[in-house]
Amino acid sequence: MSDLFDRFEPLIWRFRRTKWELTGSARLMGIVNVTPDSFSDGGNFLQTERAVEHALALAEQGADVLDIGGESTRPDSEPVSVDVELNRVIPVIESLRQQTKVPISIDTTKAEVARQALAAGADIVNDISGLTFDEDMMSVCANSDCGIIVMHIRGTPRTMQDNPTYDDVVSDVRGFLSERVELMAGCGIDQERIMLDPGIGFGKTAEHNLELMRNLSELRSLGRPLLVGHSRKRFLGKILGRPVDERTAGTIGVSAALSLLGADVIRVHDVAAIRDALTAFRTLLTGRRTHD
C-alpha cells in the first residue's frame, strides 16, 4: 500500500533559505487569524499576546508553517485598511520570529502588508487573489526570496458566493493557475518559489469544492505543489449538516483523503488532531510515520 503515498512526482518548494521536497503527503499549515470576524475563530486571537501564544502552541503541536492573517476573507466580508491590517499582524510576526524557527506565512492581498511582513520575518506570501487584487504585489514578491502561494478566487470575498458558475471547474481553475505561473515567470519569479491553491470555498459551490479536491492530480500536473484549505468550511456543513464548531471530525476525514489525493500542504485550525490522524492513517497503511 505504500504506493498510495508515493505515486506523485516530488516537487521542490523554496522560500528564503529553506528547500522542501514535497510528494503530496500533506504537511500542515496552522491558521492564526488575528481578526474579529473570521468565520470560525474570529476574535479569539485578536490581541497580539493571544495570537502569539496560539501560534506557538500550533508549532508545538506540529505545524510545519504558521499562517498569520489580519483580514477576514469569509463570504460577505468587507476589506480593512492597510494600517489596520499592519497593526494586527506585524507585532505577531515580529514576536514569533524571535521565538520560533517554524516558517511564517503572511495571509494578505495587500502589497504593503506583504512587504512589511517579509521585513518583519515572514517567509511566505499567501495571497488569496493569486496576486491580482494589488498591482504592486507581483513586484514585492519578485524582489524578495519568499515563497508564494497563488490561490484561485472567483470575485471578491464580498461577492464570491453570488451564484458561482463554471464551464468546467477543474479546467477553469487549472487554466487560471497556469496563466498566473506563466506571468510570474515573465516577471522573473523562480517557479520553485510558487505553490498553488485551488481556493476551496472561494467562489465555489460545495460540489465545485469536492470536484476540485477529487481532481488534485490534474492541478498538480502543472508542476507545482498544492495547498488546500478546507478546514471547517461551509461545504462540510452541506455534507454533514453541522455548524462550524462541529466540523472538526469532517475536517479530519477530508484531510486523510487529501493526503492520498496529492495535497502537499493542508491549511487547518486543529493541528494536533489532524497531525495525529494523518500519522495513524499513514502508519496503518504503510508501516511508516508521516513527515516528522
*Over region 123-278, with every protein chain in place, what whole percent of the accessible area is carbon and sulfur at 1.4 Å, could you tell me?*
45
_Based on alpha-carbon centroids, what's the gap between region 240-269 and region 152-219 in Å, whole number please?_
19
*asked:* How are the alpha carbon pair distances in region 77-216 distributed across 10 Å bins from zero to the largest one, expressed in percent?
replied: 12, 39, 33, 15, 1
*What dipole magnitude, in Debye to the nearest 20, does the chain give about its Cα centre under +1 on Lys/Arg Cβ and -1 on Asp/Glu Cβ?*
740
*What does the convex hull of the alpha-carbon atoms of region 1-139 project to on average, in nm²?*
9.6
*Which residue fluctuates the most in the chain, going by a Gaussian network model with Cα springs under 10 Å, if the choices are Ser95, Ser25, Ser105?*
Ser95
_Restricting to Cα atoms and excluding each atom paired with itself, what does the Kirkwood estimate give for region 158-224 in Å?_
12.7
_Among DSSP bridges having both ends in the chain, what percentage is antiparallel? Round to the nearest 5._
15
*For the chain, what is the mean residue ellipticity at 222 nm derived from helices alone (per DSSP H run of n ≥ 4: -39500 (n - 2.57); sum divided by total residues; nearest 500 deg cm²/dmol)?*
-12500 deg cm²/dmol
*May I ask you to rank Phe176, Phe8, Phe15 by accessible area, largest first, using a 1.4 Å probe over the protein chains only?*
Phe176, Phe8, Phe15
*Note the full-extension length gain between Gln98 and Arg14 as 0.36 nm times their separation in residues minus their Cα-Cα distance, in nm to one decimal.*
28.1 nm
*Would you work out the relative contact order for region 1-121, in percent, from Cα pairs under 8 angstrom that are 6 or more residues apart?*
22
*Over the chain: Kirkwood hydrodynamic radius from C-alpha pairwise inverse distances, Å*: 18.9
_Keeping all protein chains in the complex and leaving out DNA, RNA and ligands, what accessible area do you get for Thr48 with a 1.4 Å probe, in Å² to the nearest 10?_
40
*Burial ranking of peptide ranges 144-153, 166-175, 245-254, 265-274 (average Cβ count within 10 Å, highest at the top)*: 144-153, 265-274, 245-254, 166-175
*For the chain, what is the accessible area per residue in Å², given a 1.4 Å probe and the full set of protein chains?*
42
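The values are calculated or read from the model by the stated rules, or taken from the named source; none is laboratory data. What you see is a predicted model, and the numbers here were worked out from it, not measured in a lab. Please note: Cβ atoms are built from the backbone with ideal geometry, for glycine as well, and neighbour counts cover all protein chains shown. Quick note on the areas: whole protein, heavy atoms, side chains included, nothing else; ligands and nucleic acids left out. Shrake-Rupley method; radii C 1.70, N 1.55, O 1.52, S 1.80 Å.
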